[in-house]
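Trainee: First, the structure itself, so that you have it in front of you.
The values are calculated or read from the model by the stated rules, or taken from the named source; none is laboratory data. Treat the numbers as computed from the prediction; the structure is a model and nothing was measured. Positions of Cβ are generated from backbone atoms using ideal geometry, with glycine treated the same way; all protein chains shown enter the neighbour counts. Heavy atoms of the whole protein, side chains included, go into the accessibility calculation; ligands, DNA and RNA do not. Shrake-Rupley method; radii C 1.70, N 1.55, O 1.52, S 1.80 Å.
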Amino acid sequence: MFNLEGKTALVTGASGGIGGAVATALHTAGATVALSGTREAPLRELADTLGERANVLPCNLSDADAVNALPKQAADAMGGVDILVNNAGITRDGLFMRMSDDDWTQVLDVNLTAAFRLTRGVLRGMMKSRWGRIVNVSSIVGATGNPGQGNYAAAKAGLIGMTKSLASEVAPRGITVNALAPGFIETAMTEKLTADQKADMLSQIPAGRMGTPEEIAAAALYLVSPEAGYVTGATLHVNGGMAML
Amino acid sequence: MSTIEERVRKIVVEHLGVEEEKVVDNASFIDDLGADSLDTVELVMAFEEEFGIEIPDDAAETIQTFGDAVKFIKDAT
């Protein structure tokens, strides 16, 4: 089950906790991977750990030209892109009334617009090969909202709408498009939370703990696997029961 | 060497799975040959590749029939 031998996967945000775990899981399942992210050093480190079948493609996702060029770079490096995991995300939290245009735009650009551009860039190859897997890493807050995250929640909810629209368009061509919505996961992003915020969060999670990046990676592996060919337009929530949607 | 017409017809037949005789000048991809909107995008992509040309979106919209496609490609190559 879930064998990805012979498949090629581009994972953005691979320098982060979830992205790194996703890339590792896909690689372990046999895929050739292209690791993308803003910071080259952690990407290189991960590639060295993975060994063969790992490519490093640094990319600044707020730079439209760089984003548009990435699918071709990935295809050149791996011979194609069968799987795209749009995982990269940033936060610029702040109360809505005080949120700057810049904080809004940056979060939308990286979390939503970059996913759009990358997806558009890989579709041609997937259409031709009549097989493709796109996973957009959304978030629980895209469905539930979260105070202080108006920009982030908007982008993550946007990914879900984008996922469903595209899923309908390309389903006849063997391409599935799904969203994956993690709850609170132990990563650098959630490390920023204060102890009080964490305690408050934990009280709302029936599982009584935060999730691990590996638990998100396992869900991503399922969605990109040949076995999940009939799953499309779905949002898979992995959140310890925090929101049952 | 096949003519442009023959090469375009071959792409259409292969892609849409229609009989060659049906691919006539005024055959509409959507109305007569059973293409959906995604098929028309793929046909345009296939034409671009076969003939090494770029077909911009606004031009692609004007390519409704087999004859339109042949004429556009002849003008572009």
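Trainee: Would you jot down the residues in the range A:163-192 that end up with at least 30 Å² less accessible area in the complete protein assembly than in the chain alone, with a 1.4 Å probe?
Mentor: A:Arg173
Trainee: Pull up all non-local amide H partners of A:Asn55: gap of 5 or more, or a different chain, and H-to-H distance under 5 Å with H placed in the peptide plane.
Mentor: Those lying under 5 Å, H to H, from A:Asn55 are A:Val33, A:Ala34, A:Leu35.
Trainee: Find the accessible area per residue for the range A:8-236; the probe is 1.4 Å, ligands and nucleic acids are left out, and the unit is Å².
Mentor: Accessible area per residue: 43 Å².
Trainee: What residue among A:Ala207, A:Ala31, A:Phe96 has its Cα farthest toward the positive end of the dipole of the protein assembly as shown, where the charges are +1 on Lys, Arg and -1 on Asp, Glu, each on the Cβ?
Mentor: Checked the options; the winner is A:Ala207.
Trainee: Percent of alpha carbon pairs in the range A:8-236 separated by more than 33 Å?
Mentor: The calculated P(r) of the range A:8-236 puts 12 percent of pairs beyond 33 Å.
Trainee: Compare each residue of the range A:120-134 in its chain alone against the assembly with all protein chains, and report those whose accessible area goes down by 40 Å² or more; 1.4 Å probe, heavy atoms.
Mentor: A:Arg124, A:Met127, A:Lys128
Trainee: Can you list the residues of the range B:23-49 whose accessible area drops by at least 30 Å² going from the chain on its own to the full set of protein chains, with a 1.4 Å probe?
Mentor: Checking the loss per residue gives B:Leu38, B:Glu42, B:Met45, B:Glu49.
Trainee: Which residue, chosen from B:Ala59, A:Ser165, A:Gly17, occupies the Cα position most advanced towards the positive end of the dipole of the protein assembly as shown, where the dipole is computed from +1 (Lys, Arg) and -1 (Asp, Glu) charges on Cβ about the Cα centre?
Mentor: Most positive-ward Cα: A:Gly17.
Trainee: Separate question: So how far, in whole Å, is the C-alpha centre of the range A:111-134 from the one of the range A:1-28?
Mentor: Spelled out, the Cα-based centre of one part sits 16 Å from the other.
Trainee: How would the range B:1-67 be classified by its alpha-carbon gyration tensor: rounded, prolate or oblate, with rounded meaning a/c under 1.5 and the a/b versus b/c comparison settling the rest?
Mentor: Taking the square roots of the gyration eigenvalues as a ≥ b ≥ c, the range B:1-67 is oblate.
Trainee: Cα axis of helix A:64-78 to longest principal axis of chain A: angle in degrees, 0 to 90, nearest 10?
Mentor: Roughly 50 degrees between the two axes.
Trainee: What ratio of Cα Rg to 2.2 N^0.38 Å holds for the range A:1-53?
Mentor: 1.02
Trainee: Let me ask another. Taking amide H atoms as placed 1.01 Å from N in the peptide plane, list the residues 5 or more away in sequence, or in a different chain, whose amide H sits under 5 Å from that of A:His237.
Mentor: A:Ala181
Trainee: Once amide H atoms are placed 1.01 Å from N in the peptide plane, what residues at a sequence separation of 5 or more from A:Ala88, or on another chain, have their amide H within under 5 Å of its amide H?
Mentor: Those qualifying (amide H under 5 Å, at least 5 residues apart or on another chain) are A:Thr12, A:Gly13.
Trainee: Over the protein assembly as shown, with every protein chain in place, what whole percent of the accessible area is carbon and sulfur at 1.4 Å, could you tell me?
Mentor: C and S fraction of accessible area: 51 percent.
Trainee: If the chain between A:Phe116 and A:Lys192 were fully stretched, how many nm would it gain, using 0.36 nm times the residue separation less the Cα-Cα distance?
Mentor: Gain in length upon complete extension: 24.6 nm.
Trainee: If you take the accessible area of A alone plus B alone and subtract the pair, what total do you get in square angstrom, rounded to 100, with a 1.4 Å probe?
Mentor: 700
Trainee: Let me ask something else. Just A:Lys198, A:Lys164, A:Lys156 to compare: in a GNM of chain A, with alpha carbon springs under 10 Å, which one fluctuates most?
Mentor: In the Gaussian network model the winner is A:Lys198.
Trainee: Kirkwood Rh over alpha-carbon pairs of the range A:67-123, then Stokes-Einstein at 4 °C and 1.567 mPa s: what D in µm² s⁻¹, rounded to an integer?
Mentor: The diffusion coefficient I find is 102 µm²/s.
Trainee: While we're on this one: Expected output is a single nm value to one decimal: the length gained when fully extending between A:Asp93 and A:Thr105, i.e. 0.36 nm times separation in residues minus the C-alpha distance. What is it?
Mentor: Length difference between fully extended and current span is 3.1 nm.
Trainee: Only Lys, Arg, Asp and Glu count, each charged at its Cβ (+1, +1, -1, -1), so figure out the dipole size of chain B about its Cα centre, rounded to 20 debye.
Mentor: Rounded to the nearest 20 debye, it is 260 debye.
Trainee: Tell me, what HN-Hα J-couplings in whole Hz come from the Karplus equation 6.51 cos²θ - 1.76 cosθ + 1.60 at θ = phi - 60° for each residue of the range A:189-197, using x for Gly and Pro?
Mentor: Karplus-based 3J(HN,Hα) across the range A:189-197 equals 5, 8, 5, 5, 5, 6, 4, 4, 4 Hz.
Trainee: Once you charge only the Cβ atoms, +1 for Lys and Arg and -1 for Asp and Glu, what is the size of the charge dipole of the protein assembly as shown about its Cα centre, to the nearest 20 debye?
Mentor: 1080
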